[in-house]
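Here the structure comes first, spelled out in structure tokens, and everything after it is commentary.
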Amino acid sequence: MIADTRDLPEDHLYSKERKLIEEIKKELAEGRRCQVFAVYTQKHDVTARLQRILNNEGIRAAVLRASVDTSKREAWHAKQLEDGAQVVISHPKLVETGLDLLDFPTIVFYESGYSLHTLRQASRRSWRIGERRPVR
């Protein structure tokens, strides 16, 4: 029988979450900010949980939400960088077009979803003209 996650202690981490923390810490140690993509952002808001988990590990994480107008997302990212964010978490559709994420050379698909088009578009946000570091 699978346990209901609501019965788990607040500090319980799944193995996938532990691996995410490990990977992000490794990238941050190399001076590489990370963009994390998660698709379950409504009924079970994974982005809020990931933000809490990363913040508890001393990693400064911010969540880009759909409530941020498309025309203001680049400025939103700049503000997060100014505030010291090391990781930005979002649904991949939110950065699908018109956004350059040159400051986030590491991309992590925590959840990829079913649309290959969205996956490809989101993954190309860091692969831009002017990129100075290899994108992982």
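General observations
- Under 19 Å of direct C-alpha separation, and excluding same-chain neighbours fewer than eight residues apart, LYS93 reaches these lysines: LYS43, LYS72.
- Taking 16 Å as the straight-line reach from the Cα of LYS25, the lysines in range (excluding those fewer than 8 positions away in the same chain) are LYS16.
Bear in mind that the values in this text are calculations on the coordinates, not laboratory data. Small disclaimer: the values here were computed from a predicted structure and weren't measured.
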